[in-house]
Structure formats: C-alpha cells, structure tokens
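Please read the structure below before turning to the comments.
The values are calculated or read from the model by the stated rules, or taken from the named source; none is laboratory data. Every value quoted in this text rests on a predicted model; they were computed, and no experiment measured them. Note: ideal-geometry Cβ built from the backbone for every residue, glycine included; neighbour counts use all protein chains shown.
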C-alpha cells in the first residue's frame, strides 16, 4: 500500500499527517493519543480496506507545529474542522485512540453533521478530575508551567535508547514493538543523537478539565453510530466508569479484544479492523 506524506496549513499552524489507502475510499480521520503521533495507526490503517485513512499529528505532537502554551482537550475540535475542510471532506469516520477518542467524542457531539461514524479505541470522552481536587491540581499545573523553560528535554544516543526510555517511563504499559513506530516519528536529530519533537507543554497536567456532567451532554449529542474497542488489559478495568457513559449513547457497539491500552499496535489490529469494517455494513 502506498503511504502519502501530508501537510496542512490550518490558520497559520502546519499540521503533518500520513495518508493510507485510495483517495476515493471511505474517508477516515485518525487521531492519536497523548504524546503519541500519526504513526500510532501505521499497523491498523492499512488493514481498513476500502478506506482513505488520514492520520494527523495533533497540535504539539510529532511533526506538527507547537502552540508553545498549555494545551486543552477542546483545542483540537476547531483543528479537526479545519483539517476536514482542507481534505475536502464534508463527512468522515473519526477514528480516535485514547486522547484522540476523547477529542473525537467532543467533535461528534458538537458537529454531528460532519461525522459518519465514531471508531473509538480505549476511550469515550475525556478524563475528569476527581471531585474536590480542582484547586490543588490547578495550583500544581501552574507551578510546573512556571518552570517549563528551565527543564531540558532528554537526549538519547540512538533511536533504540529512546524506544527503551518510552517503554520504561511511559504512563501505560507498552511493548518495544508497539512503541517503535511512535518513537521513530516522534524524534528529532540533535547533537549526534535524538530528543523528542513534541512540545514540552504537553507534559504539563491540564489546568482545567470538563466535568462528568458536561461530558455527558456531548455524548448525548452524538448521533453517529459508535464502535468502541477496549483492551482486556487496557485503561478501563473499572466497568462502572465507562458503563454509565455507554448507557447514554444513542447507537453504540462495544467489543473487548486481547491487549493493553495500545492494542491496535500489539497484534490485535487485524481483528479490530475486521470488526470496525463489519460495523459499516450493519
């Protein structure tokens, strides 16, 4: 399969992306997770036969431009509108993993007329702050923001060293095989070695999050069919957290596949692709 290198100029910000499949295929816009990039879909996208999958590096990630300021989950919603317009897509399937699934949910609840279907991997709406923790977490976020310029990015002599660092220091369990394509796209060459291309502001805890009641309003406004993929060893071991959100979806199907949070990079991509495509035929 041919893989196309893409760039989009969106209101003065350049977004980088990767295109898979025939240009006249069913349009799919793919959104990666936090601190990942478009390479997150390098194994799943080629298996989505009949689809034109465009995976972008979200703002501050991979090869896309940095905002140079704190990032909020809702920042990506207007970016998505602009990318869809740049592609000439009136409607598209939105494929999102983790943070990308959260963005996709907000987008589909806001611009339902632009969404054919939601394909969500390990996520349905954004994370929330635990009750009563907002002031303390805001204080901590501001403290870290004030010191961001003093913190140097790590340096690695080889790509393999960076892969091992991502596996060892990541928030989620990730195999080296799954981390490898994400890391390779997420590095820049510097001083005969490598460092991360992503904006340091992405590593800050968010100053604000939406509340659960606010998120539920977005979910209730999603009219497109939702296909939700969960990993048997993924983030959502507590069924109560997602079950209450799933219950308010107008049209949803859920399947659990063997794997962790990045199961679409860990060997489950074939069965996931087959299951997602089956949903289009129903």
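Some observations on this one:
- A single entry from 162, 178 fulfils the requirement of being more than 18 Å from residue 71 (Cβ to Cβ) and without any contact (Cβ under 8 Å) to a residue 40 or more places away in the chain: 162.
- Test for residue 152: is it in a helix (DSSP H, G or I) and either surrounded by fewer than 15 Cβ atoms within 10 Å (Cβ to Cβ) or touching a residue at least 60 places away in the same chain (Cβ under 8 Å) (or both): no
- Residue match in region 94-109 (condition: surrounded by 16 or more Cβ atoms within 10 Å (Cβ to Cβ) and without any contact (Cβ under 8 Å) to a residue 60 or more places away in the chain): yes
- Among the residues making up region 81-97, those that are in a strand (DSSP E or B) and closer than 16 Å to residue 110 by Cβ are 92, 94, 96.
- Looking across region 225-241 at every residue that is over 17 Å from the mean Cα position of the chain (by Cα) and either closer than 12 Å to residue 106 by Cα or modelled with pLDDT of 90 or more (or both), the one that is surrounded by the most Cβ atoms within 10 Å (Cβ to Cβ) is identified as 225.
- Of residues in region 250-282 being in a loop (DSSP other than H, G, I, E, B) and without any contact (Cβ under 8 Å) to a residue 60 or more places away in the chain, the one nearest to residue 225 (Cα to Cα): 251
- Considering 163, 183, 222, the condition of being under 17 Å from the mean Cα position of the chain (by Cα), modelled with pLDDT of 95 or more and crowded, with 18+ Cβ neighbours inside 10 Å is satisfied by 183 alone.
- Residue that is over 27 Å from residue 232 (Cα atoms) and part of a helix (DSSP H, G or I), where the choices are 142, 182, 188: 142
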